[in-house]
Amino acid sequence: MLICILKLKQAHEEIQQLTASKNTLTEVKGELERAKEKVKEPELTSATWSGSLAVGFEDIRTTMLEEYDDLLTRQLTDAIATIEAKITALQSNIKVI
């Protein structure tokens, strides 16, 4: 009986920690989504800036946007989904105990 109570307590604590982590990652994801648009600032046109430095700078911006996309759509989304799956598994275990 005591072992079941300890397992339940541990599972609830893990769920709380995972939920807090999920919430933090979700907030970070939102902040990164908002910050992503800043990579495009200031807008550079041929009238404001041109030449090899401008092309190089635009290449850097493009790479940064690709990295943002990877971070937002793959890495953070996968991490949040993994946490959600672990929470679901723990909740299922609690029902069995």
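The values are calculated or read from the model by the stated rules, or taken from the named source; none is laboratory data. What you see is a predicted model; the values in this text were computed from it and never measured. Quick reminder, even Gly has a Cβ in these numbers, built from the backbone with ideal geometry, and neighbours come from all protein chains shown.
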> Taking LYS36 and the conditions (1) loosely packed, with under 11 Cβ neighbours inside 10 Å; (2) modelled with pLDDT of 85 or more, which numbered condition does it fall short on, given that it satisfies the others?
Replying inline: (1)
>> List the residue pairs whose Cβ atoms are under 6 Å apart, where the first residue sits in the stretch 42-65 and is touching a residue at least 24 places away in the same chain (Cβ under 8 Å), the second is surrounded by 11 or more Cβ atoms within 10 Å (Cβ to Cβ) and assigned to a helix (DSSP H, G or I), and the two are 6 or more positions apart or on different chains.
In response: MET64/VAL39; LEU65/VAL39
>> Condition first: modelled with pLDDT of 90 or more, aliphatic (A, V, I, L, M) and closer than 30 Å to LYS7 by Cβ. Now tell me which residues in the stretch 46-97 satisfy that.
In response: ALA79, ILE80, ALA81, ILE83, ALA85, ILE87, ALA89, LEU90
> Exactly one of (1) under 18 Å from the mean Cα position of the chain (by Cα); (2) surrounded by fewer than 11 Cβ atoms within 10 Å (Cβ to Cβ); (3) of a type in the set (Val, Ile, Thr) is unmet by THR73. Its number?
Replying inline: (2)
>> Just the residues that are surrounded by 13 or more Cβ atoms within 10 Å (Cβ to Cβ) and in contact with a helix residue (DSSP H, G or I) (Cβ under 9 Å, 6 or more places away or on another chain), please, taken from the stretch 50-70.
In response: ARG61, MET64, LEU65, TYR68
> Which of the residues belonging to the stretch 1-34 are without any contact (Cβ under 8 Å) to a residue 12 or more places away in the chain and under 14 Å from the mean Cα position of the chain (by Cα)?
Replying inline: ALA20, ASN23, THR24, GLU27, GLY30, GLU31, ARG34
> Restricting attention to the stretch 78-97, which residues are touching a residue at least 24 places away in the same chain (Cβ under 8 Å) and of a type outside the set (A, V, I, L, M)?
Replying inline: GLU84, LYS86, GLN91, ASN93
